[in-house]
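These notes concern the structure reproduced below.
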Amino acid sequence: MNDQWNLAKGITVGIGGAAGDGLDKTGDTLARTAARLGLYVYAFNSYQSIIRGGHIWLRIRLSEQKRHNHGNNLHVLMALNEDSLERHARTVEPGGIIFYNSDKVNCDPILLPEGVTCVGLPVAELAKPFGRLLPVMQNSIMLGALLHWLNLDFQVTREVLGDTFKHKGPAVVDQNLGIAQAGFDYAAQHVTPSALNWRYSRTRRPFVTGNEAVGMGAVAAGLKFYAAYPMSPASSLLHWLAPRSEKLGVMVKQAEDELAVVNMAIGAGLAGARAMCGTSGGGFALMTEAIGMAGIMESPVVILNVQRGGPSTGLPTRTEQGDLNQAFGASQGDFPRVIMAAASVTDAYYTAAEAHNLAEKFQVPVIILSDLMLGEHPETIEPDAFKADVPIERGKLLTETPAGYKRFEMTPDHISARVLPGTPGGMYVAASDDHDEDGVLLSDEFTNEAVRRKMQEKRMAKLEAIVQSLTPPRLEGPADAEVTLVGWGSTWGAIHEAVEELAEAGISANHLHIKYIFPFQVEAVTRLLAKSRRIVVVEVNSSGQFARHLRAETGITADDTVLAYAGEPFSPGFIAAAVRDILAGVPRSLDVTRAEAAEIAYHFIRVKLANEARPAELQQVSLPAYNEPVWQVSLVGRKEGEPRGTLLIGVQTGSTYAWQAYTPEAELESSVNV
């Protein structure tokens with residue numbers, strides 16, 4: 001262990017394997033052990049949309065103080081297969097350790113950074129006393145060894161495993177306990193433990209995802225109807241609400257498609273129920289016309305878009321903030337709407353509650369933009385983080401129909417009173433065509449330009465009232481900082497820690513995070529950014545969608561952007577390094593890095609070579625046949641290390657230009673096109 005490791009900031013454990021290897025249970029056991037000891041936990045899982053095979057990559061950060069992201073590099077790697085060891089060994093910090101199954105995996109020393117220990121566990125031998133076992137049981141042995149090295153209290157793990165498997169009976173509980181104990185005992189005899197000296201508070205904290213927080217916040221705010229069609233990464237909210245629907249008093253409906261979903265939610269809101277629907281970008285695209293209908297009918301509804309990589313079906317299991325422009329353009333024409341984005345799991349709870357208040361108070365559709373990173377990652381929160389008694393504001397909702405009632409009455413505050421369908425004397429028409437105060441349509445023989453103008457002005461005037469009701473943004477950090485980082489949504493945690501890293505490097509930075517994206521708090525944001533010496537917008541998309549929005553709303557042009565669009569969330573180190581380069585005037589390079597060349601080579605190996613090789617040497621060269629420098633990647637056999645051939649990858653384009661299988665007499669010039 002490196003003596004410089006800071007337990008307040010924490011250590012990150014990586015668990016890599018294939019779909020079906022049981023990473024979720026292993027990671028959950030580790031996370032719940034740490035949480036019960038009073039440590040803070042933040043986890044993020046990168047997975048693929050397959051049931052078996054592929055690569056699953058789970059990171060779990062354990063710390064004595066609250067952290068808001070999964071960290072930078074690894075301190076511990078649990079490699080359940082060769083592929084995971086090869087992918088991630090290079091990211092382990094000096095003083096770190098790698099655990100692997102020595103019966104199946106070979107740890108080539110060439111893969112290890114300096115100062116990293118590789119420990120093979122004889123899984124078959126340790127498991128033999130327990131009889132015939134499923135392959136996933138290797139995880140429990142490796143988990144036991146990991147717990148010993150981390151200096152975590154194994155008795156707490158026994159309690160966690162007991163709770164996890166008690167529904168399967170005592171025999172299964174005892175088997176899992178025994179196998180984990182075997183790994184723990186082996187490590188105690190053969191592995192020097194780390195010097196990690198944790199201070200346990202023993203405070204039990206909830207371990208919650210962003211999607212679960214949205215569900216809890218909506219329920220606390222009086223949610224009565226939720227509709228969805230399964231679409232990752234929003235599906236887990238449906239899975240959380242459905243089995244609890246009767247207990248929570250929420251009607252949960254899985255519809256046939258997103259068109260039905262959003263129309264059901266709008267109908268439920270029109271009928272007086274607090275209603276919400278959830279989807280991701282592709283499903284949101286189908287909802288857009290109906291969102292405009294809610295706008296013209298002045299019907300409250302909340303729409304959750306848990307973003308993933310696009311366009312089209314894009315990257316179903318990867319994160320992105322690429323749907324901001326889509327939210328702006330949801331449906332045709334002008335109408336008032338609210339677009340808001342939660343910054344953290346705790347904020348997601350209160351965002352969901354506030355969204356329902358805004359929807360009913362101003363009778364508008366409210367769009368919550370989340371993403372896979374925020375929606376699916378679990379983290380520990382303080383026991384009192386979620387307050388049950390959230391404010392509930394239903395606006396002008398009447399229980400009796402007043403004389404001369406007009407549903408769309410033009411009022412001084414531009415908000416008309418609502419009576420619910422079925423209230424005596426409260427009959428009116430709610431249509432997708434424009435209408436007058438009584439709901440009489442303006443689209444046929446009663447067309448009237450003057451009435452149309454005033455109705456449109458009535459609806460759009462709500463936007464200013466909405467802005468005035470919103471909590472003002474605030475600047476985090478020193479007012480006279482050298483650089484101001486501006487973000488929105490789930491990037492808050494990584495930016496927050498990047499500011500800390502910059503401060504440690506002697507660079508003063510502050511941070512403005514935007515929650516309310518539309519209507520925009522122009523005056524407040526302009527005032528906060530007026531004294532900024534340099535503005536850098538940080539977001540997870542390739543075009544800087546929020547940077548463009550900031551310029552459109554305030555006239556403020558960001559000096560630069562830090563963007564990520566490969567499907568993974570930001571790490572604080574990535575942001576801090578990018579900001580340092582910006583301040584130093586280092587031009588941004590889009591060239592394929594050495595690490596990326598290795599990843600491209602791995603992709604070729606998996607697709608073309610049945611995953612039976614690995615990159616051994618990477619060298620950047622210039623060859624006359626290509627109009628750019630190329631990475632020359634030597635591939636060797638995964639098991640024996642024998643030469644397999646050479647792959648050429650464009651440094652600028654990333655193209656896999658050529659593959660030459662190894663033969664003693666082969667020359668590179670005889671390459672054939674891939």
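The values are calculated or read from the model by the stated rules, or taken from the named source; none is laboratory data. Computed from a predicted structure; not experimentally measured. Heads up, the Cβs are rebuilt from the backbone with ideal geometry, glycines too, and the neighbour counts pull from every protein chain shown. Just so you know, the surface numbers come from the protein's heavy atoms only, side chains and all, with ligands and any DNA or RNA stripped out. Shrake-Rupley method; radii C 1.70, N 1.55, O 1.52, S 1.80 Å.
Among all residue pairs at least 6 apart or on different chains, which show Cβ distances below 6 Å where the first residue, located in the range 124-141, is over 17 Å from Ser84 (Cβ atoms) and the second is assigned to a loop (DSSP other than H, G, I, E, B) and open to solvent by less than 70 Å² (accessible area, probe 1.4 Å)?
Close Cβ pairs (under 6 Å, with a partner that is assigned to a loop (DSSP other than H, G, I, E, B) and open to solvent by less than 70 Å² (accessible area, probe 1.4 Å)) amount to Ala127/Leu133.
Give all pairs with beta carbons closer than 6 Å in which a residue from the range 399-410 that is modelled with pLDDT of 95 or more meets a residue that is surrounded by 15 or more Cβ atoms within 10 Å (Cβ to Cβ) and not in a loop (DSSP other than H, G, I, E, B); count only pairs at least 6 apart in sequence or on separate chains.
Close Cβ pairs (under 6 Å, with a partner that is surrounded by 15 or more Cβ atoms within 10 Å (Cβ to Cβ) and not in a loop (DSSP other than H, G, I, E, B)) amount to Thr401/Val419; Met410/Lys458.
For Ala498, are the conditions met, namely being over 26 Å from Leu372 (Cβ atoms) and at pLDDT 95 or above? Before the answer, list the steps.
Details: over 26 Å from Leu372 (Cβ atoms): no; at pLDDT 95 or above: yes.
So Ala498 fails the test.
Just checking, does the range 371-387 include any residue being more than 30 Å from Ser571 (Cβ to Cβ), at pLDDT 95 or above and not in a helix (DSSP H, G or I)? Can you show your working first?
Our first condition is that a residue be more than 30 Å from Ser571 (Cβ to Cβ); within the range 371-387, this holds for 387.
Checking the rest, the ones that are also at pLDDT 95 or above come to 387.
Then drop every residue that is not not in a helix (DSSP H, G or I), which leaves 387.
Yes, the range 371-387 contains a residue that is more than 30 Å from Ser571 (Cβ to Cβ), at pLDDT 95 or above and not in a helix (DSSP H, G or I).
Would you mind finding the one in Tyr565, Tyr602, Tyr516 that is under 17 Å from Ala341 (Cβ atoms) and hydroxyl-bearing (Ser, Thr, Tyr)?
Values: Tyr565 fails: under 17 Å from Ala341 (Cβ atoms); Tyr602 fails: under 17 Å from Ala341 (Cβ atoms).
Step by step, each of Tyr565, Tyr602, Tyr516 is checked, and only Tyr516 is under 17 Å from Ala341 (Cβ atoms) and hydroxyl-bearing (Ser, Thr, Tyr).
Is there any pair with a first residue in the range 614-637 that is part of a strand (DSSP E or B) and a second that is open to solvent by 20 Å² or more (accessible area, probe 1.4 Å) and among the basic types (Lys, Arg) whose Cβ atoms are under 7 Å apart and which are 6 or more apart or on different chains, and what are they?
So the pair list comes out as Arg614/Arg638; Leu618/Arg594; Leu635/Arg644; Val636/Arg644; Gly637/Arg644.
For the subset of the range 585-639 comprising residues that are of a type in the set (Phe, Trp, Tyr) and open to solvent by less than 40 Å² (accessible area, probe 1.4 Å), which member is nearest to Thr91 (Cα to Cα)?
If we filter the range 585-639 for residues that are of a type in the set (Phe, Trp, Tyr), which is where we start, we get 602, 604, 626, 631.
The next check asks that each one be open to solvent by less than 40 Å² (accessible area, probe 1.4 Å); those that pass are 602, 604, 631.
Details: Tyr602: 16, Phe604: 21, Trp631: 21 Å.
The residue in question is Tyr602.
Could you tell me how many of the residues in the range 223-247 are hydrophobic (A, V, I, L, M, F, W, C) and touching a Pro at 6+ places or on another chain (Cβ under 9 Å)? Give the derivation first.
From the range 223-247, those hydrophobic (A, V, I, L, M, F, W, C) are 223, 225, 227-228, 231, 234, 237-238, 240-242; that's our starting set.
Within this subset, residues satisfying the condition of being touching a Pro at 6+ places or on another chain (Cβ under 9 Å) are 231, 238.
Total satisfying the criteria: 2.
The conditions are (1) modelled with pLDDT under 90; (2) open to solvent by 20 Å² or more (accessible area, probe 1.4 Å); (3) assigned to a helix (DSSP H, G or I), and Leu126 fails exactly one of them. Which is it?
Leu126 satisfies every listed condition except (1).
Quick grid of which residues meet (1) over 19 Å from Thr319 (Cβ atoms); (2) among the charged types (D, E, K, R):
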site	(1), (2)
Ile495	no, no
Ala498	no, no
Glu501	yes, yes
Glu504	yes, yes
Ala530	yes, no
Val538	no, no
Thr561	no, no
Gly567	no, no
